[in-house]
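Participant: Sharing a structure, written as structure tokens. Questions coming.
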Amino acid sequence: MMLMNFPLMSLLKTFQYVYLHKAITNGPTATQKKPKYGGMMLRIHRKVYYFLDMMVKLTLNIDPSHGLGANSRGILKDLIFDQPLQQKKSLPYSKDHKLKYIIVDIPTYTGPPLSPHLPPTYCSFATFKCKSEKWNSHWRQGFPIIAAKADSIHGSQGLTVSETKPIKKMVLEGWSYKWESMWPGIFYVGVSRAAEQKCIILNSEIDQASLDSVGKSEKWKYQDTVCKNIEKKALEQRKQDLANGFGTPADLKDRLHTFISNMRGKTSHLPDSNVKTAILARLTEYEQDLNNFQLVRRSTRLRRPTRRMLDTS
């Protein structure tokens, strides 16, 4: 992805000052490009290039409830080092400078403001340490932020492109019918990132045979059969659970009340009275919310084109 991002990023004037950040690694697998048991460690890239005004995305779920989920995109606004900038040098930083924080403007952020003197969508990120899924002694420490002007279809999942969103257009690069036979449904996943048909651009020709292959390969048929069987079993299990009183609104409400009661009991052992008071106040708020508890299914994204819409357009 970096090879695709660089030509696009180099169009920006700020590209003249590029900072190469290398993650701190520990253990043999941490230095490998694609270790077998990387796990969350893979979310921290070994080498990342940063410069002002570049489009970036998060690789970790930092605070999804406030719009800082994995693949959230924004614009890098500042790099904060542990030493003053050397204005008289050819580069504003030297090799011995250590990057401490990255300031990113993420339009989806809805949490507390970073500063009253900055836009409310500005966020500050420090380094994260992520371990291998098999060896705790193997880890990488770095920033969960990478270039995101160009991305894979898999990496763009969760992205919504719309005239009302920060990203208003998307280009599907170099489509080939072979992709559909390798990854069933990949074409639909890619084009359905756009909420409106005018928001997606295809930069390569797609003939009728390629369109006809969408959703009709043998792998897709097998995958569809497996998914329908899983759905059928899940619905049967759901009926049994409801018959036994599991998963109903009343059952969920009782479980939440039990959780709140247990948490109240654990606060009695806290030595800090201020922390204890704050936790008890929050638990009281939760209990009050439960009094007006309702199960509501809320749509979190704009309506996207269905397969039928794509076929007839």
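The values are calculated or read from the model by the stated rules, or taken from the named source; none is laboratory data. Owing to the predicted nature of the structure, the values given are computational and were not obtained by experimental measurement. All Cβ positions, even for glycine, are placed from backbone atoms using ideal geometry, and neighbour counts span all protein chains on display.
Participant: For segment 145-160, indicate whether the set of residues that are touching a helix residue (DSSP H, G or I) at 6+ places or on another chain (Cβ under 6 Å), over 25 Å from T225 (Cα atoms), part of a loop (DSSP other than H, G, I, E, B) and not aliphatic (A, V, I, L, M) is non-empty.
Facilitator: Yes - at least one qualifying residue is present in segment 145-160.
Participant: When the residues of segment 112-134 are narrowed to those that are buried (at least 17 other Cβ atoms within 10 Å of the Cβ) and either assigned to a loop (DSSP other than H, G, I, E, B) or of a type in the set (A, V, I, L, M) (or both), which ends up modelled with the lowest pLDDT?
Facilitator: Filtering first and then ranking leaves S132.
Participant: Pairs only if they're at least six apart or on different chains, beta carbon under 7 angstrom, first in segment 19-42 and over 21 Å from I102 (Cα atoms), second assigned to a helix (DSSP H, G or I) and of a type in the set (S, T, N, Q); list them, first residue then second.
Facilitator: P35/T29; Y37/T29; G38/T29
Participant: Which residue pairs have Cβ atoms under 7 Å apart, sit 6 or more places apart or on different chains, and have a first residue in segment 97-119 that is under 18 Å from P166 (Cα atoms) and a second that is of a type in the set (S, T, N, Q) and at pLDDT 90 or above?
Facilitator: Between residues of segment 97-119 that are under 18 Å from P166 (Cα atoms) and residues that are of a type in the set (S, T, N, Q) and at pLDDT 90 or above, the close pairs are I103/S124; D105/T121; I106/T121; P107/T121; Y109/T121.
Participant: In addition: Yes or no: segment 214-230 includes at least one residue that is within 30 Å of F187 (Cβ to Cβ) and of a type in the set (D, E).
Facilitator: Yes, the conditions are met somewhere in segment 214-230.
Participant: Identify, by number, the condition in (1) at pLDDT 85 or above; (2) closer than 28 Å to W135 by Cβ that L79 doesn't meet.
Facilitator: (2)
Participant: Same structure, new question: Residues to consider are K13, K57, K47, K22; find the one that is on the phi < 0 side of the Ramachandran plot and modelled with pLDDT under 85.
Facilitator: So the residue among K13, K57, K47, K22 that is on the phi < 0 side of the Ramachandran plot and modelled with pLDDT under 85 is K13.
Participant: Could you say which residue among D207, D241 is more than 28 Å from the chain's Cα centre (by Cα) and under 30 Å from Y286 (Cβ atoms)?
Facilitator: None of the others qualify; the one that does is D241.
Participant: Right, next: Could you list, in sequence order, all residues of segment 242-277 that are surrounded by 13 or more Cβ atoms within 10 Å (Cβ to Cβ) and in a helix (DSSP H, G or I)?
Facilitator: The answer is D251, L252, K253, D254, L256, H257, I260, M263, R264, T267, K276.
Participant: Just checking: which of the strands (runs of 3 or more DSSP E) contained wholly in segment 22-80 hold 3 or more residues that are surrounded by fewer than 21 Cβ atoms within 10 Å (Cβ to Cβ)?
Facilitator: In segment 22-80, the matching strands (runs of 3 or more DSSP E) lie at 24-26, 47-50.
Participant: Report yes if K232 is over 30 Å from S176 (Cβ atoms) and basic (K, R), otherwise no.
Facilitator: Criteria met by K232.
Participant: Return yes or no: is V191 modelled with pLDDT of 80 or more and in contact with a helix residue (DSSP H, G or I) (Cβ under 8 Å, 6 or more places away or on another chain)?
Facilitator: yes
Participant: Next up: Counting just the residues of segment 94-107 that are over 30 Å from the mean Cα position of the chain (by Cα) and not basic (K, R), which one comes out modelled with the highest pLDDT?
Facilitator: The selected residue is D96.
Participant: Which pairs do you get when a residue that is free of Cβ contacts under 8 Å to residues at least 24 places away in the same chain and under 20 Å from L252 (Cα atoms), found in segment 262-287, comes within reach of a residue that is part of a helix (DSSP H, G or I) and of a type in the set (V, I, T), reach meaning Cβ atoms under 7 angstrom, with the pair 6+ apart or on two chains?
Facilitator: Filtered contacts from segment 262-287: L283/I260.
Residue-by-condition table, conditions (1) among the charged types (D, E, K, R); (2) under 30 Å from G185 (Cα atoms); (3) in contact with a Pro (Cβ under 8 Å, 6 or more places away or on another chain); (4) modelled with pLDDT of 85 or more:
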site	(1), (2), (3), (4)
K233	yes, yes, no, yes
D251	yes, no, no, yes
F259	no, no, no, yes
N262	no, no, no, yes
D272	yes, no, no, no
E287	yes, no, no, no
V296	no, yes, no, no
S299	no, yes, no, no
R307	yes, yes, no, no
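Participant: Does segment 166-183 hold any residues that are in contact (Cβ under 8 Å) with a residue 40 or more places away in the chain and part of a loop (DSSP other than H, G, I, E, B), and which are they?
Facilitator: Those that are in contact (Cβ under 8 Å) with a residue 40 or more places away in the chain and part of a loop (DSSP other than H, G, I, E, B): P166, I167, E173.
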